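Heads up: the structure comes next, in structure tokens.
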Amino acid sequence: MQIEQIKTPSLLLDVASVRRNAFRMGEIAHRNSSSLRPHVKTHKSIEVARIQTAGHGGAITVSTLAEAKAFSKHGFNDITYAVPIERGKFADAVEIIQSGVKLNLLTDDADTVKALDEAAEKAGGRFDVFVKIDCGTHRVGVEPHTAEAVEIPRLISDAKNLNFAGILTHAGHSYDVKTKDEILDVARHERDVMVELAERLRDLSIDVPTVSIGSTPTMSVVDHLEGIDEIRPGNYIFFDAFQATLGSCTFGDTALTVLTAVIHKDRTRKRIVVDAGAIALSKDRGPVHADTGCGYGHVLDLEGNETGMRVTGLSQEHGEIGAGESDVFHRIKIGDRLRILANHSCLTAAQHLHYNVIEDCKIVDRWERFGGW
Ligand SMILES: Cc1ncc(COP(=O)(O)O)c(C=O)c1O
């Protein structure tokens with residue numbers, strides 16, 4: 001089927017780019033003797049996860065326990081739930097573990113360690129628990145140089161019903177920089193603070209089975225991964241306008257676009273209005289710190305070529321495109337199709353229920369997505 005024939009707005013997923021992106025990150029892991037445990041929250045699709053884990057151990061990272069349940073039903077049985085757990089989610093975690101899945105949990109809090117130990121005892125099993133480390137993002141996690149960075153791992157190691165799985169971080173602040181060189185600085189720091197903390201814990205006779213790091217920007221540019229057991233990037237499988245602007249990838253590496261239809265042409269203000277609004281694209285502001293004119297996404301033609309236009313405004317189901325005196329503006333008619341390369345593919349994909357898989361601009365398959373919490 002031709003892409004013009006499907007309803008709009010719809011997700012288009014270029015499978016050749018997905019395969020290339022999967023292969024490239026797989027090579028980075030292999031070359032550095034680290035395991036790849038991709039974050040599947042970007043796509044929430046079984047088919048994409050299979051491409052991503054082919055040739056690797058099959059381990060995945062998730063952001064919700066609903067994802068853990070959905071993926072485990074399709075054979076993924078080594079899963080890290082990479083958000084700090086709280087007691088309202090213990091029952092779901094127990095259900096997943098009792099179904100035979102190896103589920104790693106995460107905390108940065110001493111009271112939660114005690115609560116997890118009690119919950120594991122009550123469930124008659126053992127929980128595998130990572131300590132989340134803050135390597136500079138300041139979102140969650142314990143700071144690596146504090147006493148807590150030793151005390152919490154020791155508490156877990158000493159707990160009767162818990163296994164200390166290791167230390168885990170995510171350099172989310174790699175998204176705040178402007179150049180590839182600056183990403184490399186963050187990548188080295190992410191790696192080095194974790195290797196140093198692991199050494200400190202081992203010197204204190206605390207066994208650290210796994211040192212786990214990784215964001216898409218940092219893992220795309222990192223120079224080596226000595227001392228790192230596992231990497232967990234996720235967004236790299238699709239990339240997006242944000243990553244290409246920072247320098248994690250090129251615009252040619254991006255795999256996900258939204259097909260949209262022109263619904264209005266404003267000849268006075270030289271604007272085009274399309275049927276992809278905030279609920280089709282998400283309202284992620286993108287890399288404004290690196291490109292003040294990024295808008296809410298790049299406007300591409302049907303073949304995926306840049307038109308030079310940006311999505312300049314969004315309401316729920318209307319997307320406004322500032323067209324100026326461009327050739328496209330003069331040629332375009334109501335009902336014509338365009339494609340939008342959105343700022344943040346994880347959030348854009350989350351607005352949709354399925355992917356229209358494309359190869360050479362033709363629809364070749366349909367892959368469903370999971371949702372919920
Ligand atoms: C804990 C954790 N690990 C891994 C990732 C994947 O990183 P990225 O989205 O940069 O690929 C994320 C993303 O937010 C995360 O929060």
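A few remarks follow.
- One residue stands out in the range 299-351 among those that are assigned to a strand (DSSP E or B) and polar (S, T, N, Q): the one that is farthest from residue 63 (Cα to Cα), namely 307.
- Odd one out for residue 258, checked against (1) away from the ligand (no atom under 16 Å from the Cβ); (2) touching a strand residue (DSSP E or B) at 6+ places or on another chain (Cβ under 8 Å); (3) assigned to a loop (DSSP other than H, G, I, E, B); (4) closer than 26 Å to residue 24 by Cα: (3)
- Boolean, residue 266 is in the same structural domain as residue 48 (by TED's automatic domain parsing) and either charged (D, E, K, R) or within 16 Å of the ligand (Cβ to nearest atom) (or both): no
- Positions within the range 95-151 being touching a Lys or Arg at 6+ places or on another chain (Cβ under 8 Å), under 12 Å from residue 84 (Cα atoms) and assigned to a helix (DSSP H, G or I), in sequence order: 112
Residues are listed down the side, and each one gets a yes or a no for (1) in a loop (DSSP other than H, G, I, E, B); (2) within 14 Å of the ligand (Cβ to nearest atom):
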{"position": "7", "(1), (2)": "yes, no"}
{"position": "11", "(1), (2)": "no, no"}
{"position": "20", "(1), (2)": "no, no"}
{"position": "23", "(1), (2)": "no, no"}
{"position": "29", "(1), (2)": "no, yes"}
{"position": "33", "(1), (2)": "yes, no"}
{"position": "41", "(1), (2)": "no, yes"}
{"position": "44", "(1), (2)": "yes, yes"}
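- Beta carbons closer than 6 Å, at least 6 apart along the sequence or on distinct chains, never pair a first residue in the range 203-221 that is outside the structural domain of residue 36 (by TED's automatic domain parsing) with a second that is within 16 Å of the ligand (Cβ to nearest atom).
- Hey, residue 179 in contact with a Leu (Cβ under 9 Å, 6 or more places away or on another chain) and either within 16 Å of the ligand (Cβ to nearest atom) or assigned by TED's automatic domain parsing to the domain that holds residue 22 (or both) or not: yes
- Any chance residue 188 is of a type outside the set (Val, Ile, Thr), more than 13 Å from the ligand (Cβ to nearest atom), in a helix (DSSP H, G or I) and closer than 15 Å to residue 143 by Cα: no
- Output for the range 6-38, where each listed residue is closer than 30 Å to residue 263 by Cα and touching a residue at least 60 places away in the same chain (Cβ under 8 Å): 6, 8, 9, 10, 11, 12, 13, 14, 15, 17
- Among residues of the range 224-255, those that are part of a loop (DSSP other than H, G, I, E, B), farther than 16 Å from residue 342 by Cα and of a type outside the set (Gly, Ala, Ser), counted: 7
- Sub-7 Å Cβ pairs linking a first residue in the range 315-337 that is in the same structural domain as residue 301 (by TED's automatic domain parsing) to a second residue that is acidic (Asp, Glu), at least 6 apart or interchain, are 317/275; 337/4, ordered by first then second residue.
- Scope the range 154-171; condition in a loop (DSSP other than H, G, I, E, B) and either within 16 Å of the ligand (Cβ to nearest atom) or crowded, with 22+ Cβ neighbours inside 10 Å (or both); matching residues: 169, 170, 171
- Subset of the range 193-230 (residues that are surrounded by fewer than 24 Cβ atoms within 10 Å (Cβ to Cβ) and within 11 Å of the ligand (Cβ to nearest atom)): 230
The values are calculated or read from the model by the stated rules, or taken from the named source; none is laboratory data. Everything numeric here is computed off the predicted structure, so don't read it as measured data. Because the Cβ atoms are built from the backbone with ideal geometry, glycine has one as well, and the counts that use them run over all protein chains shown.
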